[in-house]
Amino acid sequence: MIAIGNRQRIPVDPGRIRRTVRTALAALGVWDHELSLTLVDDRAIRRLNARYRGARRATDVLAFPLGGPGRPVLGEAIISVEAARRQARRFGHSLREELDLLCCHACLHLVGWDDREPLEARLMHLREMTLLGRLYARPAPTLHVVA
């Protein structure tokens, strides 16, 4: 089950977000897990980022893996739609495409991927592009360039 919560005001399509998450998880070989994804504004994600990571700034995605052997709950992800909108404008694509990317990014974090080091970030970005390719049923557009 994929539970989507929307606690912000920018219009989004929760059905599309659910399909994106389902497609990403299937491509990662994750079946029959529960996942909660909440869409928030910058203010909310800034508070959560400060509380759980000690960083007093807004971020685009927070992910909290809760799964493990024999546990049906994969975890919880939080996405700032305001950050997604800013990034979409910055990189010249739609909010929908940025949310697709961030959903894939969150799923990767929930299954154990990390992007703290530059090499990890590059590898994770390549995997995101592969997941987006599955979602779009064609090679994914280059949405971000990771240096």
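No value in this document is a laboratory result; all are computed from the given coordinates. If you're wondering where the values come from, they're calculated on a predicted model, not measured in any experiment. No Cβ is skipped: glycine too gets one built from the backbone with ideal geometry, and neighbour counts run over all protein chains shown.
Things worth noting here:
- Spin-label pair D41-A55: with each label point 7 Å from Cα along the Cα-Cβ axis, the two points sit 2.2 nm from one another.
- Region 14-95: chymotrypsin sites (Phe, Trp or Tyr not before Pro) in DSSP coil with no more than 10 other Cβ atoms inside 10 Å: W31
- Dipole axis of the chain (+1 Lys, Arg; -1 Asp, Glu on Cβ), positive-most option in G92, G68, V21: G92
- Helical mean residue ellipticity (222 nm; -39500 (n - 2.57) per DSSP H run of 4+; nearest 500) of the chain: -16000 deg cm²/dmol
- Using alpha carbons only: equivalent-ellipsoid semi-axes of region 2-136, gyration tensor based, whole Å: 20, 18, 16
- Gained length - R19 relative to A121, 0.36 nm times residue gap less alpha-carbon distance: 34.3 nm
- Relative contact order (%) - the chain, alpha-carbon pairs under 8 angstrom, separation at least six: 22
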